[in-house]
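Peer 1: Please read through the structure below; I'll follow up with questions.
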Amino acid sequence: MSLTEAELERQRRSNVNALRYSEAFENHRRHLTEVVAPGPRSESAATGSLCVLGAGNACDLDLERLSWSHGAIHLVDIDREALERAYSRQSPRVRSQLVLHAPVDLSGVLGRLARWRSLQVSAEELLHTPELASASLASKIGTRFDVVLSACLLSQMHLSVRQALGEGHPLFEAVAYTLTLVHLRTLSRLAHPGGRVVLATDVATEAMAPLRALPAGTDLGLLLDQLIDDGHVFGVVNPRALEQIAADDPHLARELASPRIRDTWLWHNGPERIFLVCALELERTAAS
Ligand SMILES: C[S@@+](CC[C@H](N)C(=O)[O-])C[C@H]1O[C@@H](n2cnc3c(N)ncnc32)[C@H](O)[C@@H]1O
């Protein structure tokens with residue numbers, strides 16, 4: 001079985017398992033929908049367009065609500081069955097606005113990891129991967145959007161790199177950096193000039209902070225700041241590190257501006273697991 005097939009199988013199993021916890025997603029769904037939705041529901045024509053990367057079962061989004069503001073909603077994932085489940089749950093009106101793209105490997109690197117693991121890679125190949133892979137993904141999806149959402153996908157893709165290479169691999173850091181650049185450039189390419197990129201990611205677990213025991217009314221934004229200062233977040237999705245990567249990369253520095261944390265919330269992913277999640281919002285500025 002190739003690494004891509006193995007990863008697809010892992011994601012399939014994980015998406016099927018997640019179904020039984022979808023009720024517990026309520027708080028996560030409300031916050032994620034809110035950061036994407038432009039404002040209160042209106043009866044005027046839905047003119048916006050939305051692309052959701054890592055949409056999976058779409059249990060984390062209120063597609064009915066989003067369909068009032070976004071006339072076209074594209075769902076992208078490696079797992080076609082999960083997208084089909086999401087599609088079949090919707091009303092005929094919402095379905096008519098959905099476009100499914102699957103299977104799409106949004107990391108752009110799964111097909112290369114086996115070769116890279118055995119060090120069959122040049123510095124040049126790694127250097128060019130963000131540009132080539134993001135261009136190829138954008139052309140596969142084929143259009144640009146007013147809002148592009150990465151729905152807790154980046155941590156999952158980093159997990160697959162960690163599983164394939166192991167943290168001790170000499171290329172681990174370089175490949176992790178490459179993957180983040182592929183993703184940020186893909187998000188940027190998919191957004192219309194003047195559009196919005198929202199990168200939502202799980203940043204910490206209970207092992208990093210007492211998320212289940214937080215007093216009511218805890219300011220989760222302040223908690224996130226504190227956890228970042230203390231180094232108690234997943235390094236590969238640390239929002240400050242992502243902002244820095246976007247600022248250092250010449251393409252992204254031209255195209256994306258005004259990064260800010262739009263919201264921070266708790267995601268009860270079943271009875272056992274709870275994550276701190278944040279949504280980093282960036283504006284697509286350049287006309288290119
Ligand atoms: C944490 S889940 C997001 C939850 C999902 N929005 C839902 O409600 O079911 C991450 C999603 O990313 C997808 N994914 C993981 N790795 C991927 C990859 N390399 N390319 C595309 N999608 C991927 C998984 O299939 C899964 O649907």
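Peer 1: Where the eigenvalues come from the Cα gyration tensor of the stretch 231-285, what are the semi-axes √(5λ) of the equivalent ellipsoid, largest first, in whole Å?
Peer 2: Its equivalent ellipsoid spans semi-axes of 27, 13, 8 Å.
Peer 1: Evaluate the charge dipole of the stretch 164-288 about its Cα centre and quote only its size in Debye, nearest 20, assuming +1 on the Cβ of each Lys and Arg and -1 on the Cβ of each Asp and Glu.
Peer 2: The calculated dipole for the stretch 164-288 is roughly 480 debye.
Peer 1: Got a sec? Which residues in the stretch 1-25 would a label at SER88 touch, if it sits 7 Å along Cα→Cβ and we count backbone N under 11 Å?
Peer 2: Within reach of a label on SER88, which here means backbone N under 11 Å from a point 7 Å along Cα→Cβ, the stretch 1-25 contributes nothing.
Peer 1: Pick from SER155, SER188, SER88: which is most flexible by mean-square fluctuation in a GNM of the chain where alpha carbon atoms under 10 Å apart are linked?
Peer 2: Fluctuation is largest for SER88.
Peer 1: How big is the convex hull of the Cα atoms of the chain, per residue, in Å³?
Peer 2: Convex hull of Cα atoms, per residue: 134 Å³.
Peer 1: While we're here: Put +1 on the Cβ of each Lys and Arg and -1 on the Cβ of each Asp and Glu in the chain; which of PRO250, VAL197, GLY166 then has its Cα farthest toward the positive end of the dipole?
Peer 2: Most positive-ward Cα: VAL197.
Peer 1: Also: Given the -39500 (n - 2.57) contribution per DSSP H run of 4+ residues, what per-residue ellipticity at 222 nm results for the chain, rounded to the nearest 500 deg cm²/dmol?
Peer 2: Helix-only estimate at 222 nm: -14000 deg cm²/dmol.
Peer 1: While we're here: Positive end of the dipole of the stretch 103-147, charges at C-beta (+1 Lys, Arg; -1 Asp, Glu), about the Cα centre: which of SER122, GLY111, LEU137 has its Cα farthest in that direction?
Peer 2: GLY111
Peer 1: Let me ask something else about it. What accessible surface, in Å², does a 1.4 Å probe find on ASP62, ignoring ligands, DNA and RNA and rounding to the nearest 10?
Peer 2: In the full protein context, ASP62 sits at about 60 Å².
Peer 1: Further question on the same structure: Which trypsin sites (Lys or Arg not before Pro) in the stretch 1-87 pass both tests, a DSSP loop state and at most 14 other beta-carbon atoms within 10 Å?
Peer 2: Passing sites in the stretch 1-87 are ARG20, ARG41.
The values are calculated or read from the model by the stated rules, or taken from the named source; none is laboratory data. Bear in mind the structure is a predicted one, so any value in this text is a computation, not a measurement. Because the Cβ atoms are built from the backbone with ideal geometry, glycine has one as well, and the counts that use them run over all protein chains shown. Surface accessibility is based on the protein's heavy atoms, side chains included, excluding ligands, DNA and RNA. Shrake-Rupley method; radii C 1.70, N 1.55, O 1.52, S 1.80 Å.
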